[in-house]
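Chemist: I'd like to ask some things about the structure below.
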Amino acid sequence: MILYENLYIGESLQHNKDRIIRRMKKGKVVVRLFCVTLPLGSHGLIEIYPYYELQQPWLKSQHVVVIGLAKTREEAFLLVQEIVEEVYEKTRGFEIAHYLERKQGGAQ
């Protein structure tokens, strides 16, 4: 699992985001956490997974890129909406991975 440097964080996780990120980096259990990721395949824009699913061996080997964290599935959908709207507003397109690479690199 790869954590995007400038993670999008849901409102309910803002107060303890650093603790959650530390636990994720150590591979520890984090309950009630949903991860917004770039798609695993070549189709789609964004995917949402419960954190525990990303701990499964077959997904660990996929190098999933986590771009957002939320406490509930509904909050994860709001993050997806925020990300897609931001990308479209800035680029007039939906190349989310490309946009996030540029944003992380400071080109934005």
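The values are calculated or read from the model by the stated rules, or taken from the named source; none is laboratory data. Just so we're clear, the structure is a prediction, and the values are computed from it rather than from any experiment. We place every Cβ from the backbone using ideal geometry, glycine too, and count neighbours over all the protein chains shown. Please note that ligands, DNA and RNA were not included when accessible areas were found on the heavy atoms of the full protein model with its side chains. Shrake-Rupley method; radii C 1.70, N 1.55, O 1.52, S 1.80 Å.
Chemist: Please compute the contact order of the stretch 9-108 in relative form: average sequence separation of alpha-carbon pairs under 8 Å and at least six residues apart, divided by the residue count, as a percent. All intermediate terms of the calculation are to be shown ahead of the outcome.
Modeler: Working: 116 pairs, mean separation 27.8, N = 100.
Once divided by the residue count of the stretch 9-108, the mean separation gives 28 percent.
Chemist: OK, next. At 10 °C and a viscosity of 1.306 mPa s, what translational diffusion coefficient does Stokes-Einstein give for the chain, taking Rh as the Kirkwood radius over Cα pairs? Give it in µm²/s as a whole number. Write down the numbers at each step before the final one.
Modeler: Details: Rh = 14.1 Å.
In µm²/s, the coefficient rounds to 112.
Chemist: At 0.36 nm per residue, minus the direct Cα-Cα distance, what do GLN104 and LYS28 gain on full extension? Give it in nm, one decimal, please.
Modeler: Details: separation 76, 0.36 × 76 = 27.36 nm, distance 2.58 nm.
Extra length from GLN104 to LYS28 when fully extended: 24.8 nm.
Chemist: Can you tell me the Rg and Dmax of the stretch 65-106, counting just the alpha carbons, in angstroms?
Modeler: When restricted to Cα atoms, the stretch 65-106 yields Rg and Dmax of 10.9, 30 Å.
Chemist: Now for a separate question. Which value, in Å², gives the accessible area per residue of the chain when a 1.4 Å probe is used on the protein heavy atoms? Display every interim value, and only then the final one.
Modeler: On the way: 6830 Å² over 108 residues.
Value returned for the chain: 63 Å² of accessible area per residue.
Chemist: To make sure I understand the rule: partners must be aspartates and glutamates, Cα under 14 Å from the Cα of LYS26, and not fewer than 8 residues away in the same chain. Which ones qualify?
Modeler: ASP18
Chemist: Report the net charge of residues surrounding MET1, where surrounding means a beta-carbon distance below 15 angstrom and charges are Lys +1, Arg +1, Asp -1, Glu -1. Write down the numbers at each step before the final one.
Modeler: Values: positive: ARG22, ARG23, LYS25, LYS26, LYS28, LYS60; negative: GLU5, GLU47, GLU53.
Computed value for this residue: +3.
Chemist: Rolling a 1.4 angstrom probe over the protein chains, ignoring ligands and nucleic acids, what is the accessible area of THR91 in square angstrom, nearest 10?
Modeler: THR91 exposes around 60 Å² with every protein chain in place.
Chemist: Another question about this same structure. Kyte-Doolittle cut-off -0.5, length cut-off 18 Å along the helix's own axis using Cα: show which whole DSSP H helices in the chain pass.
Modeler: Details: long enough: 73-91 (27 Å, -0.29).
Result, helices passing both filters: 73-91.
Chemist: Given R₀ = 25 Å, what would the calculated FRET efficiency be for GLU86 paired with GLU11, taking r from the Cβ atoms and rounding to 0.05? Working shown, then result.
Modeler: Details: r = 16 Å, r/R0 = 0.64.
So the FRET efficiency works out to roughly 0.95.
Chemist: Would you mind checking which residues have amide H under 5 Å from LEU69's amide H? H placed 1.01 Å from N; only 5 or more apart, or other chain.
Modeler: Correct list: TYR8, ILE9, GLY10, VAL36.
Chemist: Ignoring ligands, DNA and RNA, what percent of the 1.4 Å accessible area of the chain is carbon and sulfur?
Modeler: Details: 3480 of 6830 Å².
Solvent-exposed carbon and sulfur of the chain make up 51 percent of the total.
Chemist: What does the charge dipole of the chain about its Cα centre add up to, to the nearest 20 debye, if the Cβ of each Lys and Arg holds +1 and the Cβ of each Asp and Glu holds -1?
Modeler: Values: 15 positive and 13 negative charges, 130 e Å.
Its charge dipole is roughly 620 debye.
Chemist: With each run of n ≥ 4 DSSP H residues scored as -39500 (n - 2.57), what mean residue ellipticity at 222 nm is computed for the chain after dividing by its residue count and rounding to the nearest 500 deg cm²/dmol?
Modeler: Numbers: 5 runs with 45 residues, N = 108.
The per-residue figure over the chain is -12000 deg cm²/dmol.
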